[in-house]
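Report on the following structure.
The values are calculated or read from the model by the stated rules, or taken from the named source; none is laboratory data. In this text, all values refer to a predicted model and were calculated from it rather than measured experimentally. Because the Cβ atoms are built from the backbone with ideal geometry, glycine has one as well, and the counts that use them run over all protein chains shown.
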Amino acid sequence: MESVDLAYAGIARQAELIAAGEVSSREIVELYLARIERYDAQLNAFRVVFAERALLEADQADARRGAGGERPLLGVPIAIKEDADVAGEVTMFGTRAGERVAGADQEVVRRLREAGAIVIGKTNVPEMTLWPFTETPTFGATRNPWNLQHTPGGSSGGSGAAVSAGLVGGALGSDGLGSIRIPSSFCGLFGIKPQRHRIALAPHTEQLYGWHGLAVYGPIARSVRDAALFLDATAQTPPAQGTFADAAARAPGRLRIALSTKPILPQPVDARVLTAVEQTAELLRSLGHEVVQRDPAYPPWLGPHLLARYLRGAHDAALDLGHVERMERRTRSIVRLGSLVGEKGLARALASEAALAERMGRVFADCDVLLTPATARPALRIGEYEGRGALWTINGGTRLIPFLGTWNATGQPAASVPAGYTADGLPLAVQLVGRPSDEVTLLSLAAQIEAERPWTQDRPAAFA
């Protein structure tokens, strides 16, 4: 296999090749380290690379395989988003305020290592993971492999850029208001926000660094199969039957799919995005699914509900991290706004979640999946919000992602699925939303779409 093909093979295929002895873990790690050295100065995807440690662990993985050891991700390199702890490393959260060295791996990182994966590095994020772009005064701007003048999104922007450019086969992301789905959408990848509590936040909690229940960890991957394998390795609770990999390998059966392009508040949606959704709906019809127009019943208090949890979550995390005075002016404003939410305001928002989930769940009473745009427009240009204040950036971010945050509030799974490209080569995507705890249907349906639109063969030209 050519080295570039191996770089873009994805974690599932790499695991197979290592298990069969067709390639060594060390070869893959060396390949990625070479590509990071060659390309990351352009992209700025990685905050830190663990070159020596990764090579040592690759040799250990090869020895384990030679002795007959079997693990699902044995010897496969992966990247970790900068909001998750890696033992012995400061978790920076995209800010120079971070100082604490992690005494142990985060639970999700521990599970990846237990599955045999090798952590090759940690990827860049916006400060305190607040924004749908990845640009900070401390660590610079992370760029989109499809067009270096555009962002890969945020807050898992470094993870999205690294996977898209073939600097690693898969990466950990987190999603509080779309932060897995935005980079996946902007970078031509598959990303899934799993059901809340599917993957442990520990040692973080929903109150600290979990944005009061909005945030979850999940995979950013080249293929649905890769993401399913990642979920099987990291989930603290498996699906009701079989594995996530099983789900990605089987046909979904005939589904009734609700189609909606209505944002939570009236606003324009890019015509290219709407076309991508309509074309996906037509593809699903051609595959035998019933697609019906059905808009979720967004309540008028949905925006304030999301804003209260987001602002208070950012406030609480920033105070826990400490040294707020070192943070960006825009972040300090967010912290002040979060203090205004107060305990009573937060309690009211959390108390309304059940009513929100019931109301949003009505669309699934007779539909299996909801199909929407992923983002309201393709990838932003680098610097579009540079120098802007907190309220301006919140308003712009809200208009970019009006289809995503709802499902963080309800906790149910949602995925970003590639859906072609603009005329100038920027990726487009759609969102699939599932019933609570029903990642398996999303994986089966997304894999069916992937079979018809094999996006994994597409590579950004500058990195192919």
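Numbers at a glance
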| read-out | value |
| --- | --- |
| Among the candidates 441, 372, 456, 410, residue that is within 23 Å of residue 142 (Cα to Cα) and of a type outside the set (A, V, I, L, M, F, W, C) | 456 |
| Filter result for residue 57 (surrounded by 19 or more Cβ atoms within 10 Å (Cβ to Cβ), among the acidic types (Asp, Glu), over 23 Å from the mean Cα position of the chain (by Cα) and modelled with pLDDT of 95 or more) | yes |
| Cross-chain or 6+ apart pairs with Cβ under 7 Å, the stretch 334-356 first and of a type in the set (Asp, Glu), then at pLDDT 95 or above | 353/409 |
| Hits in the stretch 298-321 (condition: among the aliphatic types (A, V, I, L, M) and either touching a residue at least 60 places away in the same chain (Cβ under 8 Å) or closer than 14 Å to residue 390 by Cβ (or both)) | 302, 306, 307, 311, 314, 317, 318, 321 |
| Elements of type helices (runs of 4 or more DSSP H) contained in the stretch 334-410, each with 3 or more residues being surrounded by 20 or more Cβ atoms within 10 Å (Cβ to Cβ) and out of contact with any Cys (no Cβ under 7 Å at 6 or more places or on another chain) | 390-400, 406-410 |
| Test: residue 308 is in contact with a Phe, Trp or Tyr (Cβ under 9 Å, 6 or more places away or on another chain) and buried (at least 16 other Cβ atoms within 10 Å of the Cβ) | no |
| Failed item in (1) of a type in the set (S, T, N, Q); (2) out of contact with any helix residue (DSSP H, G or I) (no Cβ under 8 Å at 6 or more places or on another chain); (3) not in a helix (DSSP H, G or I), with residue 236 passing the rest | (2) |
| Qualifying residue in the stretch 358-370 (condition: modelled with pLDDT of 95 or more and over 24 Å from residue 259 (Cα atoms)) | no |
| Any chance residue 208 is closer than 25 Å to residue 362 by Cα, surrounded by fewer than 22 Cβ atoms within 10 Å (Cβ to Cβ) and at pLDDT below 95 | no |
| Check on residue 265, in a loop (DSSP other than H, G, I, E, B), out of contact with any Asp or Glu (no Cβ under 7 Å at 6 or more places or on another chain) and either among the aromatic types (Phe, Trp, Tyr) or modelled with pLDDT under 95 (or both) | yes |
| Residue that is surrounded by fewer than 21 Cβ atoms within 10 Å (Cβ to Cβ) and farther than 27 Å from residue 143 by Cα, where the choices are 51, 67 | 67 |
| Residues satisfying the stated conditions in the stretch 13-51, i.e. part of a helix (DSSP H, G or I), farther than 23 Å from residue 63 by Cβ and in contact (Cβ under 8 Å) with a residue 12 or more places away in the chain | 35, 36, 39, 40, 42, 43 |
| Among (1) among the aliphatic types (A, V, I, L, M); (2) free of Cβ contacts under 8 Å to residues at least 60 places away in the same chain; (3) farther than 28 Å from residue 286 by Cα - the single one residue 451 does not satisfy | (3) |
| Selection within the stretch 62-97 - under 24 Å from residue 30 (Cα atoms), free of Cβ contacts under 8 Å to residues at least 40 places away in the same chain and within 20 Å of the chain's Cα centre (by Cα) | 86 |
| Residue tally, condition surrounded by fewer than 24 Cβ atoms within 10 Å (Cβ to Cβ) and either touching an Asp or Glu at 6+ places or on another chain (Cβ under 9 Å) or at pLDDT below 95 (or both), over the stretch 411-421 | 2 |
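The rows are residues; the columns are (1) free of Cβ contacts under 8 Å to residues at least 40 places away in the same chain; (2) buried (at least 24 other Cβ atoms within 10 Å of the Cβ).
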{"position": "105", "(1), (2)": "yes, no"}
{"position": "110", "(1), (2)": "yes, no"}
{"position": "115", "(1), (2)": "no, no"}
{"position": "121", "(1), (2)": "no, yes"}
{"position": "132", "(1), (2)": "no, yes"}
{"position": "139", "(1), (2)": "no, no"}
{"position": "152", "(1), (2)": "no, yes"}
